[in-house]
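K.L.:
Below is one structure. I have some questions about it.
The values are calculated or read from the model by the stated rules, or taken from the named source; none is laboratory data. Computed from a predicted structure; not experimentally measured. Here Cβ is always computed from backbone atoms with ideal geometry, including for glycine, and neighbour counts include all displayed protein chains.
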Amino acid sequence: MALFGFLGVGNMGYPLLKAAINTFGKDEVIYTSATKARREAIFQETGIPYLEDNRAVTKQCEYLILAVKPQIYPHILDEIKDAVHENQIIISLAVGITIESIKKSLSKTIKVVRAMPNTPALVSKGMTGISFSEDDFSEDERNIIDRFFSSFGKYEVFDENLMNAVACASGSSPAYAYLFIEALADSVVSYGIPRDKAYSLAAQTLLGAASMVMETGEHPGRLKDRVCSPGGTTIAAVKALEEYGFRNAIMKATDACYNRSKELSKN
């Protein structure tokens, strides 16, 4: 019996699988994927033999990680419902899929952890929001869950009614950061900076700014004010960002993300 079983090893499942291997060891991880080509690729990468189907993985692990797209959850849950065993813990990574819906499909007695990780987990810089079902998790179970989510970054625990908002704040937002880096790099490339150096300037600056927020604990507004000298270049740029709706665009993007999460929950 392995500690962790993965159903799906795509863009989100793969970084978590690697983190689990590094933290708990190869003998504690089993997996499968929808295509044989993907299963073979992971085998070549990790040296861990794959299992052929979802039911086989479900039967042979203590913590079952559902790393598949929300649209196919009904099919997957129906497929594995007779393979789920007592005291198993389900870790769900899909946006919009509620703990209640998983329990209804599998078993009311199954313990569920609903999680919203993000792709920087691939470089151990992920940020995950998690919520627990209203079950009694043992101290050992909570320790394993803590080690697992800490193995690829940081995490925070939330009430489940906030998980759609968590998806906006961390799950989807790396895409916004990449857009910002790309746009900033494009703008200075137009002034003659080579593209590779433009990406380096933009990405490292964003990384440094994020580290300042995390490590100093200061309000982002105060840190912003320190960069904006009176009558200087930065305040002129900030004024232009406000004029063209930078903050409003981010808030509108969050609204769109949140509303789509709610739609997925209803479906």
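K.L.:
Please list, ordered by first then second residue, the pairs with beta carbon atoms under 9 Å, 6 or more apart or interchain, first in the range 98-124 and free of Cβ contacts under 8 Å to residues at least 12 places away in the same chain, second of a type in the set (D, E, K, R) and surrounded by fewer than 21 Cβ atoms within 10 Å (Cβ to Cβ).
P.N.:
100/160
K.L.:
Residue 96 is checked against (1) out of contact with any strand residue (DSSP E or B) (no Cβ under 8 Å at 6 or more places or on another chain); (2) surrounded by 15 or more Cβ atoms within 10 Å (Cβ to Cβ); (3) over 27 Å from residue 170 (Cα atoms); (4) at pLDDT below 95 and fails just one. What number does that condition carry?
P.N.:
(3)
K.L.:
Right, here's the next one. Which condition from (1) surrounded by 12 or more Cβ atoms within 10 Å (Cβ to Cβ); (2) closer than 30 Å to residue 99 by Cβ is the one that residue 200 breaks?
P.N.:
(2)
K.L.:
While we're looking at this one, here's another question. If you go through the range 152-170 one residue at a time, how many are under 18 Å from residue 214 (Cα atoms) and not aromatic (Phe, Trp, Tyr)?
P.N.:
The total comes to 7.
K.L.:
Out of 158, 149, which single residue is under 14 Å from residue 129 (Cβ atoms) and in contact with a helix residue (DSSP H, G or I) (Cβ under 8 Å, 6 or more places away or on another chain)?
P.N.:
158
K.L.:
Can you name the helices (runs of 4 or more DSSP H) wholly within the range 1-96 that have at least 2 residues being assigned by TED's automatic domain parsing to the domain that holds residue 148, touching a residue at least 60 places away in the same chain (Cβ under 8 Å) and touching a Leu at 6+ places or on another chain (Cβ under 9 Å)?
P.N.:
So the answer is 13-24, 73-80.
K.L.:
What about residue 133, is it closer than 22 Å to residue 65 by Cβ, surrounded by 15 or more Cβ atoms within 10 Å (Cβ to Cβ), of a type in the set (Ser, Thr, Tyr) and outside the structural domain of residue 262 (by TED's automatic domain parsing)?
P.N.:
Yes.
K.L.:
Those residues that are of a type in the set (Gly, Ala, Ser) and closer than 24 Å to residue 225 by Cβ, I need them from the range 177-213; list them, please.
P.N.:
If the condition is that a residue be of a type in the set (Gly, Ala, Ser) and closer than 24 Å to residue 225 by Cβ, then 177, 183, 187, 202, 203, 208, 209, 210, 211 are the ones that fit.
K.L.:
Moving to a separate point now. Do we find a residue being β-branched (Val, Ile, Thr), at pLDDT below 95 and either surrounded by fewer than 22 Cβ atoms within 10 Å (Cβ to Cβ) or touching a Gly at 6+ places or on another chain (Cβ under 9 Å) (or both) anywhere in the range 18-39?
P.N.:
Yes, some residue in the range 18-39 is β-branched (Val, Ile, Thr), at pLDDT below 95 and either surrounded by fewer than 22 Cβ atoms within 10 Å (Cβ to Cβ) or touching a Gly at 6+ places or on another chain (Cβ under 9 Å) (or both).
K.L.:
Now for a different question. Quick one: is residue 172 among the small types (Gly, Ala, Ser), buried (at least 18 other Cβ atoms within 10 Å of the Cβ) and either in contact with a Lys or Arg (Cβ under 8 Å, 6 or more places away or on another chain) or over 27 Å from residue 242 (Cβ atoms) (or both)?
P.N.:
So residue 172 fails the test.
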